[in-house]
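A short reminder: the numbers here are calculations on the coordinates, not readings from a lab. These numbers come from a predicted model, not from an experiment. No Cβ is skipped: glycine too gets one built from the backbone with ideal geometry, and neighbour counts run over all protein chains shown.
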Amino acid sequence: MSKIPEQLAQVQNRVHAALAAAGRAEDAALLLAVSKTKSAAAVREAFGCGQTCFGENYLQEALEKQQQLQDLPIEWHFIGPIQSNKTRAIAENFDWVHSVDRARIAVRLNDQRPPSLPPLNVCVQVNIDAEPSKAGVLPEELPEVLESVAQLPRLRLRGLMAIPAPRSDHGEQQKVLLQVASLLQEWQQRYPQLDTLSMGMSGDLEAAIAAGATIVRVGTDIFGAR
């Protein structure tokens with residue numbers, strides 16, 4: 001017996017409880033089911049339980065799943081690192097991209113977005129802990145990338161994404177997540193269209209929602225360990 005329905009319901013309950021505890025509206029945060037390394041059958045099962053938004057990190061794997069699931073009206077989010085040779089397929093096959101961290105990548109996504117599709121929703125990834133091994137722009141590098149995305153007609157600048165270093169303490173989690181939220185508030189003065197904070201995963205979604213996350217990306221607690 002699959003545990004996906006039960007585990008998805010548990011995560012949905014966590015999201016609703018966290019929103020209530022933060023005094024936020026019950027629809028203020030979207031649950032993005034991270035389905036990387038999981039089968040198309042697992043995605044189909046979660047969709048059957050009402051989950052419509054899925055996040056993928058690996059392009060080739062995602063394209064194969066999309067082919068198998070093209071009968072379903074899934075909203076696909078690309079959340080992994082972006083290489084230049086992958087931008088065309090991402091621009092053609094996804095509704096959202098959370099991981100833009102270079103102006104050059106933004107330009108390629110814009111130029112390769114088919115005119116028949118609506119503008120691609122884009123979040124700029126911030127490396128909030130300045131981890132050398134992690135993608136994302138440093139906070140001081142944000143102006144250039146935000147400006148680039150905002151000027152591109154086939155992209156729609158939506159917000160910021162972050163993957164903070166793991167912290168076991170809720171207070172420490174919330175502290176760094178609030179730094180990301182503060183960056184969004186700062187840049188909303190120049191770009192009022194910014195409305196998205198993509199942050200929080202299985203281990204810190206409560207802290208992320210308390211800090212203002214509007215999209216939480218959960219994989220393991222829905223689909224099980226990779």
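Of note:
- Backbone HN-Hα couplings from phi across region 81-97 [Karplus 6.51/-1.76/1.60, Hz, Gly and Pro as x]: x, 10, 9, 4, 6, 9, 5, 5, 5, 5, 4, 8, 10, 10, 8, 9, 10
- Alpha carbon centroid spacing (whole Å) that separates region 185-220 from region 1-49: 16 Å
- Cross-link reach is defined here as a Cα-Cα straight distance under 27 Å, omitting same-chain residues fewer than 8 places apart; for Lys65 the lysines meeting it are Lys3, Lys36, Lys38, Lys86, Lys134.
- Selection of GluC sites (Glu not before Pro), region 13-95, meeting DSSP coil and at most 10 other Cβ within 10 Å: Glu26
- Between the labelled values [x] 27, 19, 17; [y] 25, 23, 15; [z] 34, 21, 16, the entry that holds semi-axes √(5λ) of the Cα gyration tensor in Å as derived from this structure is [y].
- For the pair Arg156 and Ala17 in one chain, pulling the backbone fully straight at 0.36 nm per residue adds 47.0 nm over the alpha carbon distance.
- For Asn127, nonlocal amide neighbours, meaning residues 5 or more places apart or on other chains whose placed amide H falls under 5 Å from its own, are Val137, Leu138.
- Calculated FRET efficiency for the pair Gln185/Leu138, C-beta based, R₀ 22 Å, to 0.05: 0.75
- Region 217-226 - phi-based ³J(HN,Hα) in whole Hz, Karplus 6.51/-1.76/1.60, Gly and Pro as x: 10, 10, x, 4, 6, 9, 9, x, 5, 6
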